[in-house]
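See below for the structure under consideration.
The values are calculated or read from the model by the stated rules, or taken from the named source; none is laboratory data. Predicted, not measured: the structure shown is a model, and the values here were computed from it. Here the Cβ positions follow ideal geometry from the backbone for every residue, glycine too, while neighbour counts run over all protein chains shown.
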Amino acid sequence: MNNEDHLSDQDLLDILGITPQEENAEDIQQKLQDIAEAEPTIDVEDGGNFSVSLPHDCSVTGYILGDEIYIQFMTVPKAFQKNGIGKRLLKAVYDHAIDQNVDYIAGHITSLGALKLAKQKYGEELQFFDENKNPIDSTYEEILDEYQNMGSEFEGSIRFRTPISNNQ
């Protein structure tokens, strides 16, 4: 098979009827406005599973188990990051945790951004644990240095937990 026999990416998209959407600055600003004007919605399922959503695929999912609310996934599309959307989603999770009378918010650190956001939102009371829920005797700064040195090899092997009473 020679190069002429290969389909280009555009040919494949045309065959499948897919039109790639490139967002321009105006589209992004309109979507950011939509998000800013929306109130987070919380959907709760049997068994304690929940999701908190804002428009344009901004969301947090998790569950309640025992005395903690656990954040499984948080998604804010790259074009919308650094606009306070993650903080708004976490605030809605916090409010849900209070409504459910749980004592802690917990999750896994899956990126450098997630680590920094957890520190911003939860402050000095942020506690770190290994996969087996054993406390890690490292400061935020030590963990930050470790993960900055890892670059794209971020493993997400550190769990965080913080008391609800220290979050505002």
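Quick check on Gly84: is it at pLDDT 90 or above and under 15 Å from the mean Cα position of the chain (by Cα)?
yes
Can you say whether Ile105 is over 25 Å from Glu39 (Cα atoms) and surrounded by 16 or more Cβ atoms within 10 Å (Cβ to Cβ), as far as the supplied structure shows?
no
Quick check on region 80-91. Is at least one of its residues farther than 27 Å from Gln30 by Cβ and of a type outside the set (A, V, I, L, M, F, W, C)?
No, that holds for no residue.
Can you tell me which residues in region 61-94 are among the aromatic types (Phe, Trp, Tyr) and under 18 Å from Glu39 (Cα atoms)?
Phe80, Tyr94
Could you check region 51-66 and list, in sequence order, the residues that are touching a Gly at 6+ places or on another chain (Cβ under 9 Å), farther than 14 Å from Tyr94 by Cα and surrounded by fewer than 18 Cβ atoms within 10 Å (Cβ to Cβ)?
Leu65
Touching a Phe, Trp or Tyr at 6+ places or on another chain (Cβ under 9 Å) and among the small types (Gly, Ala, Ser), is that true of Ser111?
yes
Going by what's in this entry, would Leu112 be described as among the hydrophobic types (A, V, I, L, M, F, W, C), within 30 Å of Ala25 (Cβ to Cβ), out of contact with any His (no Cβ under 8 Å at 6 or more places or on another chain) and surrounded by fewer than 19 Cβ atoms within 10 Å (Cβ to Cβ)?
Answer is yes for this residue.
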